[in-house]
Structures are given as C-alpha cells and as structure tokens.
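This report concerns only the one structure given below.
Each value in this text was obtained by applying a stated rule to the coordinates, not by laboratory testing. On a predicted model such as this, the values are computed, not experimentally measured, just so you know. All Cβ positions, even for glycine, are placed from backbone atoms using ideal geometry, and neighbour counts span all protein chains on display.
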Amino acid sequence: MPEGVSARKLVLESSKLNVISAYTAKSGLANYEAFPNVDAVVLHTHMRDWDYQEVFRQIRMRDPSMRFIFVCPQPNNITPSDNVAVVDAFDPTSLLFVAQRWMEPEMMDEAGD
C-alpha cells in the first residue's frame, strides 16, 4: 500500500483544500465518479491493484484537463507537463507546494468575490 495517504490528506487539508482519499486505485476511481468536481488528482505511482497509468488514462478520458500530482518514490523517472506534476513520495512539503501553486489563482478569485 502506498505510504502516507492519511498524512498527505492532512497536509492538503491544512491548506484548506477539499480532499477525498482512497487506499486503492479501484476505490479512488469510485470516489472520483461519486465526486467528480475536484481540482486535482493526487495519484501514487505504486499501487497494488492497478497501474497508475491506467487510472490516469481513465480519468483523463472523462476530463482531459484534469490536473494530476504523481507521488513517486523516484520522481526523476516521470516527466512533468502542464497539468501533471511529480513529487517525491518522501517529501510531503513538495506535494503541498504544488497543490498551493495550482490552487492559488482559484483562491484569489474567491477572495475577490
């Protein structure tokens, strides 16, 4: 099982981000289908039940603009892109940094309302 799901959820929630968590790819996809209005998907690259690339593909089919943060024990093995960030599985602050950077424009919009 990917390490630190609860800790990562707490880190993100402490920044006032709405977080839905799952311990398996199958339950994560079910949660996504139940609550599709999310800002980003945090996806660990080492899951027992499915390959993370399959989960990525299935969510991207539903929402091509969805942002992903891949949590990876060897982050240099995956290339980031516009809507894909890669963070070190052993550095929770990197996850928080990316999430805050992506959410900052939306938070600023809400503050101006």
Along the dipole axis of the chain (charges at Cβ: +1 for Lys and Arg, -1 for Asp and Glu; origin at the Cα centre), the most positive-end residue among Thr79, Asn37, Ala22 is Ala22
Listed residues Phe56, Phe35, Phe97; largest mean-square fluctuation, Gaussian network over the chain with Cα springs below 10 Å, found at Phe35
Relative to the chain, whose Cα atoms define the longest principal axis, helix 92-112 and its Cα axis are tilted in degrees, nearest 10, by 30
All alpha-carbon distances of the chain, grouped into 5 Å bins from 0, give the whole-percent distribution 2, 11, 23, 26, 23, 11, 3, 1, 0
Expressed in nanometres to one decimal, the distance between label points 7 Å along Cα→Cβ at Ser21 and Arg57 is 2.9
For the chain, the dipole about the Cα centre with charges only on Cβ (Lys and Arg +1, Asp and Glu -1), to the nearest 20 debye, works out at 340
Rounded to the nearest 5, the percent of antiparallel DSSP beta bridges in the chain equals 10
The distance between the Cα centres of region 71-97 and region 27-67, in whole Å, is 16
